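Quick note: the coordinates plus some simple rules give every number you see, no bench work behind them. Values in this document were obtained by computation on a predicted structure and should not be read as measured data. Here Cβ is always computed from backbone atoms with ideal geometry, including for glycine, and neighbour counts include all displayed protein chains.
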């Protein structure tokens, strides 16, 4: 099964900002030394551009190792197969700073319990499809984006719940006013006078009563 597009990897000189800059897609990458042309590090990621910037901030990409080579994965490539290819590449090239044989990174956090439409709206392009250790297809986000997505999820749910609660209270107040249990006009008139409240009070007076 082909995992990546045919041809040589794309190369970007991060220090000189020269070459083909990696996009925000799933793929395998290599950090290469400048003089010896040896490979310093090999990895896979669901966002090549983000991962390149992270390595630069950590100092792994520098004047001695300025090259970031990358290959985008083909659509619908199982995450498990990418891990296997990463292990094989590390075993073949023996990069200097890889701490293990590859495949030891955390799988993306799954968010399958969310409604798919809602998930797509709050996660957008940060969604990644992968296969878990049991070979089941999952949809999730990378670990570094998980907390951000969960914050969006909580805020969106809170707004949704608040809107429903306000709507319920409005309907309940209208029903209580209809049966004469409460008088909305009298309640509103207790607040400091203002044009909007006066208008609302007048509008309520037209509501039907039993």
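As a proxy for reagent exposure, 29, 67, 178 were ordered by neighbouring Cβ count within 10 angstrom, fewest first; the result is 178, 67, 29. Among 71-79, 52-60, 157-165, 40-48, sorting by the average number of other beta carbon atoms lying within 10 angstrom of each residue, highest first, gives 40-48, 71-79, 52-60, 157-165. Among 89-97, 166-174, sorting by the average number of other beta carbon atoms lying within 10 angstrom of each residue, highest first, gives 89-97, 166-174.
In the calculated pair-distance distribution of segment 1-105, the portion above 17 angstrom amounts to 49 percent of the Cα-Cα pairs.
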